[in-house]
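One structure is given below, encoded as structure tokens.
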Amino acid sequence: MPTFSLNFVLLFSLICISGAEISSKIGINYGQLGSNLPPPSLAIEMIKSMKAGRVKLYDANHEILRLLSGTNLQVSIMIPNNEISDIANNQTRSDEWILNNVVPFYPDTMIRFILVGNEVLSYASDRDRHVWTDLVPAMRRVWQSLKAQNLQIIRVGTPVAMDVLETSFPPSIGTFRSDIRRTVVAPLLEFLNETRSFFFVDAYPYFPWSANPMDINLDFALFNGNFEQIDRGSGLVYTNLLDEMLDSLIFAMAKLGYPDIRLVISETGWPTTGDIEQPGANLLNAAMYNRNLVKRIMAKPTIGTPARPGVVIPTFIFALFDENQKSGPGTERHWGLLSSDGSPNYDIDLTGRKSSVEYDPIPVVENNVPFRGRLWCVAARGVDLMELGAAVTDVCNGGDGICEELTPGRECYEPVSVHWHASYAFSSYWARFRSQGGSCYFNGLAEETTIDPSSGLCRFPSVIF
């Protein structure tokens, strides 16, 4: 969640390829939207040293594909969203993509999946809706190109977010959104069923829990096993939130006549930190979620979900590194098992063999309940003043009266300093646009505070939680 960027993602699972079960191994996510990250060659060595079995790329980077040659790592590559329509409308374009990005590297680089786009159905502009209709035709073009090269061992899929569902709780009433149900999802499921491919889903229990932390039990979200819910519609008993999310998709697919298409969790994880108003984003919860996730996925015999007991669900963990150059809310930059400099955020055994009592204790962070109060967005300490000045110009040139109080003679004009003006501009902008998705980030130049920066007659706008 979780943004579109080059990543390696560790996959620990059993995947059925052409009817053959392959032994499970752990994998790693290597995000490129971070500063001072190890180079790709070192990242590949890290993946190998951790005994990874699979790597997922968010594009088809040739340098990375060459580095993966001879590694025995099974690879997933991705066609970017902005290339989907061209491929959907031109078989030659699809053939060229396979000739350029698959044929030169296979089989030395063990490409196993081609993912067409990333969370395409989560975007809803007029242009995005056009891509919706091109998605399955593009997937069929790619499959045709693979067949022309006798590469049917490579399967074609597309990752979707949980927002493809219109209803999801309880799981038995799971239903796809009405705007995509018949026009996009039904043809997608038909294709996946025909080609024996998988339904890829990005499933993050953190998001439904953090949106309703007083209604959803935290232990239920973290696989702690001391809480359960019964789906009255199906009679199935659930001990964790992820199973509910996955089964809601299974029930939704069954309603369209496809009860047997297998799932892949293409992304899941828990953030190690976030903004002040983002509850539950802390090291303890992240460690607990991912440790318990690994144990569950690696369990023998396979656990599956209540709707599909004993069925393996291949799972990609997100992510290896914190990606400290991502925009958006604070959690976007903090999903890594490792920080952006490569140091561990917390200890985790990706084989699932280590018991919880063998880990060193992690300090408890008291942010598991929603923040209540006012927040301001101010210039961060120690940032570059030239960059800060440029950010103030950008914000104030946007109009909407954001910087009206900073004009000469107004209450907030003095003191005349870049830091003061930036703090007012950031707070004013955030207060105005947070409800529309605005965040207190500004390319790392801003930070939230609970301390009112107002002075004298100058009152800074705030956001109330």
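Condition check: crowded, with 17+ Cβ neighbours inside 10 Å, of a type outside the set (Ser, Thr, Tyr), under 25 Å from the mean Cα position of the chain (by Cα) and more than 20 Å from VAL156 (Cα to Cα). Does ALA252 satisfy that?
Yes: the conditions hold for ALA252.
For the stretch 299-332, what are the residues that are among the hydroxyl-bearing types (Ser, Thr, Tyr) and not in a loop (DSSP other than H, G, I, E, B)?
THR315, THR331
Any residue at all in the stretch 207-224 that's touching a strand residue (DSSP E or B) at 6+ places or on another chain (Cβ under 9 Å), closer than 22 Å to ASP128 by Cβ and open to solvent by less than 30 Å² (accessible area, probe 1.4 Å)?
No.
Of these, SER178, SER168, which one is surrounded by fewer than 22 Cβ atoms within 10 Å (Cβ to Cβ), in the same structural domain as LYS255 (by the TED database) and in contact with a Ser or Thr (Cβ under 8 Å, 6 or more places away or on another chain)?
Answer to the check: SER168.
Mind checking whether some residue in the stretch 109-118 is in the same structural domain as ILE153 (by the TED database), more than 19 Å from GLN144 (Cα to Cα) and buried (at least 21 other Cβ atoms within 10 Å of the Cβ)? Spell out how you get there, then give the answer.
So the first thing to find is which residues in the stretch 109-118 are in the same structural domain as ILE153 (by the TED database), and the list is 109-118.
Next, from what is left, pick out any that are more than 19 Å from GLN144 (Cα to Cα): 109-110, 118.
Filter once more, keeping what is buried (at least 21 other Cβ atoms within 10 Å of the Cβ): 109, 118.
Within the stretch 109-118, one or more residues are in the same structural domain as ILE153 (by the TED database), more than 19 Å from GLN144 (Cα to Cα) and buried (at least 21 other Cβ atoms within 10 Å of the Cβ).
When you scan the stretch 185-192, do you find a residue that is touching a helix residue (DSSP H, G or I) at 6+ places or on another chain (Cβ under 6 Å) and outside any helix (DSSP H, G or I), even just one?
no
For the list (1) closer than 21 Å to PRO314 by Cβ; (2) open to solvent by less than 60 Å² (accessible area, probe 1.4 Å), I need the number of the one condition that GLN152 fails.
The number of the failed condition is (2).
Please state which one of TRP376, TRP335, TRP430 is buried (at least 22 other Cβ atoms within 10 Å of the Cβ), assigned to a strand (DSSP E or B) and of a type outside the set (A, V, I, L, M). First the steps, then the outcome.
Numbers: TRP335 fails: assigned to a strand (DSSP E or B); TRP430 fails: assigned to a strand (DSSP E or B).
The conditions single out TRP376.
Only one of these is assigned to a helix (DSSP H, G or I) and out of contact with any His (no Cβ under 8 Å at 6 or more places or on another chain): ARG296, ARG232. Name it.
Values: ARG232 fails: assigned to a helix (DSSP H, G or I).
Of the residues listed, the single one that is assigned to a helix (DSSP H, G or I) and out of contact with any His (no Cβ under 8 Å at 6 or more places or on another chain) is ARG296.
State yes or no: is GLY438 within 19 Å of ASP384 (Cβ to Cβ), under 29 Å from the mean Cα position of the chain (by Cα) and surrounded by fewer than 21 Cβ atoms within 10 Å (Cβ to Cβ)? Let's see the steps before the verdict.
On the way: within 19 Å of ASP384 (Cβ to Cβ): no; under 29 Å from the mean Cα position of the chain (by Cα): yes; surrounded by fewer than 21 Cβ atoms within 10 Å (Cβ to Cβ): yes.
Considered against the rule, which asks whether it is within 19 Å of ASP384 (Cβ to Cβ), under 29 Å from the mean Cα position of the chain (by Cα) and surrounded by fewer than 21 Cβ atoms within 10 Å (Cβ to Cβ), GLY438 comes out as no.
If ASP394 meets every condition in (1) under 18 Å from ARG459 (Cα atoms); (2) surrounded by fewer than 17 Cβ atoms within 10 Å (Cβ to Cβ) apart from one, which number is that one?
ASP394 satisfies every listed condition except (1).
Given the condition touching a residue at least 24 places away in the same chain (Cβ under 8 Å), under 20 Å from the mean Cα position of the chain (by Cα) and more than 16 Å from ARG308 (Cβ to Cβ), answer yes or no: does some residue in the stretch 178-191 qualify?
No: zero hits.
Read through the list (1) open to solvent by 70 Å² or more (accessible area, probe 1.4 Å); (2) assigned to a loop (DSSP other than H, G, I, E, B); (3) more than 15 Å from TYR429 (Cα to Cα), then give the number of the only condition that MET386 fails.
(2)
Would you check which residues across the stretch 408-427 are part of a loop (DSSP other than H, G, I, E, B) and open to solvent by 70 Å² or more (accessible area, probe 1.4 Å) and list them? Give the steps one after another, and end with the answer.
First, the residues of the stretch 408-427 that are part of a loop (DSSP other than H, G, I, E, B): 408-417.
Once the filter is applied, which keeps residues that are part of a loop (DSSP other than H, G, I, E, B) and open to solvent by 70 Å² or more (accessible area, probe 1.4 Å), the stretch 408-427 yields PRO408, GLY409, ARG410, GLU411, GLU414, PRO415, VAL416.
Yes or no: ILE402 assigned to a loop (DSSP other than H, G, I, E, B), open to solvent by less than 40 Å² (accessible area, probe 1.4 Å), of a type in the set (A, V, I, L, M, F, W, C) and without any contact (Cβ under 8 Å) to a residue 60 or more places away in the chain?
In short, yes.
Is there a residue being more than 22 Å from LEU192 (Cα to Cα) and assigned to a helix (DSSP H, G or I) anywhere in the stretch 253-270?
Going through the stretch 253-270, the residues more than 22 Å from LEU192 (Cα to Cα) turn out to be 269-270.
Those still in the list that are assigned to a helix (DSSP H, G or I) too: none.
Taking every residue of the stretch 253-270 in turn, none turns out to be more than 22 Å from LEU192 (Cα to Cα) and assigned to a helix (DSSP H, G or I).
Quickly run through the stretch 255-279 and pick out the residues that are among the hydroxyl-bearing types (Ser, Thr, Tyr) and either surrounded by 22 or more Cβ atoms within 10 Å (Cβ to Cβ) or over 22 Å from the mean Cα position of the chain (by Cα) (or both). Outline the logic, then answer.
Narrowing the stretch 255-279 to residues among the hydroxyl-bearing types (Ser, Thr, Tyr): 258, 266, 268, 272-273.
Selection gives TYR258, SER266, THR268, THR272.
All but one of (1) surrounded by 15 or more Cβ atoms within 10 Å (Cβ to Cβ); (2) in contact with a helix residue (DSSP H, G or I) (Cβ under 6 Å, 6 or more places away or on another chain); (3) more than 27 Å from ILE297 (Cβ to Cβ) hold for ILE362, so report the exception by its number.
That leaves (3) as the condition not met.
Just to be sure I understand the filter: pairs with C-beta atoms under 8 Å, separated by 6 or more residues or on different chains, first member in the stretch 326-342 and more than 20 Å from PRO39 (Cα to Cα), second member of a type outside the set (D, E, K, R) and surrounded by fewer than 16 Cβ atoms within 10 Å (Cβ to Cβ). Which pairs pass?
Once the first residue is more than 20 Å from PRO39 (Cα to Cα) and sits in the stretch 326-342, its partners that are of a type outside the set (D, E, K, R) and surrounded by fewer than 16 Cβ atoms within 10 Å (Cβ to Cβ) give SER327/ASN443.
The values are calculated or read from the model by the stated rules, or taken from the named source; none is laboratory data. Here the structure is a predicted model, which is why all the values come from computation and not from measurement. Cβ sites come from the backbone with ideal geometry, for glycine too, and all protein chains shown count toward neighbours. Heavy atoms of the whole protein, side chains included, go into the accessibility calculation; ligands, DNA and RNA do not. Shrake-Rupley method; radii C 1.70, N 1.55, O 1.52, S 1.80 Å.
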